[in-house]
1. Among [x] 178; [y] 133; [z] 196, which one is volume of the Cα convex hull per residue in Å³ computed from these coordinates?
2. Give me the three principal axis extents of the range 193-351 from the C-alpha atoms, as integers in angstrom, largest value leading.
3. Semi-axes of the range 289-351's equivalent ellipsoid from the Cα gyration tensor, sqrt of 5 times each eigenvalue, largest first, rounded to whole Å?
4. So how compact is the range 1-51: Cα radius of gyration and Dmax in angstrom?
5. Arranged by the count of other C-beta atoms within 10 angstrom, fewest first, what order do 132, 237, 277 take?
6. How many times 2.2 N^0.38 Å is the alpha carbon radius of gyration of the range 187-265?
7. Over its Cα atoms, what ratio of radius of gyration to 2.2 N^0.38 Å does the range 87-234 give?
8. Where does helix 238-250 land angle-wise versus the long Cα axis of the chain, in degrees 0 to 90, nearest 10?
């Protein structure tokens with residue numbers, strides 16, 4: 001069952017799943033759009049019109065799907081109610097890349113295991129891209145000392161950001177920056193530890209620390225105590241970073257939060273800086289041993305569609321296990337390759 005099938009992510013995931021053997025149930029607000037999408041799919045499909053979260057949860061209980069694929073953000077508001085609304089044994093997959101969502105899922109993990117659910121979060125470019133490199137670099141290695149990961153997604157999109165993306169942006173501003181220091185999750189300003197580096201395609205990138213779930217995925221994959229998760233969208237200027245922090249503090253007030261969401265929703269999507277999506281990981285071990293790895297793919301939404309379809313299929317085939325996981329943590333780095341990405345791993349060296 002694909003929630004938010006009318007949206008861009010829902011559509012591309014439905015099409016990627018349509019070549020597989022499992023039937024799909026398309027859930028969304030627009031009946032005509034759902035019917036049009038269903039007519040393009042190669043697999044058996046049904047449509048369900050559901051206008052709010054309560055109706056969606058009722059549809060899940062009624063149809064009892066093997067897997068629920070949630071593309072409806074902000075995931076901080078939708079993920080746990082939908083997980084709790086799934087019947088025992090119905091597995092769950094979403095595209096969240098917010099650290100606060102992962103934290104809430106970990107708190108809920110005992111009851112998730114009791115219901116025999118396998119919950120996979122971050123099944124898009126965010127999380128899977130960086131964690132798969134760390135998994136590759138750290139395979140058969142002792143725990144790392146320090147990890148830096150950077151996300152350089154390329155997304156071709158017209159129009160405006162829209163309500164879902166806007167709400168997610170405001171959620172992240174309110175949450176603020178995070179990093180791991182000495183094994184503990186620490187609050188820091190958005191855009192901390194900015195880094196400028198050359199990308200293998202000849203372009204340059206500037207990233208700043210953010211508060212994405214890539215942090216937790218990298219910690220699990222590497223065992224490192226110090227981790228920074230960088231993104232090109234993070235504010236690296238001290239002035240802009242301070243302004244982002246101020247706006248984040250204001251966003252905790254309901255009226256201001258709603259105004260910010262409306263303003264962000266109307267902002268136009270900006271053209272991508274490059275035609276290829278890249279992710280980087282720099283891993284350091286005690287003794288100054290250091291390795292760098294890259295992951296290259298095309299449009300991040302193409303990667304998202306293939307990764308989500310592969311993960312959902314494996315969950316439907318009962319290849320998961322009860323608990324909360326990141327996609328690479330459950331199914332390994334090969335998942336990124338099956339989604340069309342390629343690894344570039346540099347030789348070991350000294351820091």
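Readers should treat all values here as calculations from the given coordinates under stated rules, not as data from a laboratory. Model, not experiment: these values are computed from the prediction. Note that we place each Cβ from the backbone using ideal geometry, even for glycine, and neighbour counts take in every protein chain shown.
1. Among [x] 178; [y] 133; [z] 196, the one calculated here is [y].
2. 45, 44, 33
3. 26, 16, 8
4. Radius of gyration, then largest Cα-Cα span, for the range 1-51: 9.4, 28 Å.
5. The order, fewest Cβ neighbours first, is 237, 277, 132.
6. 1.31
7. 1.10
8. That works out to roughly 40 degrees.
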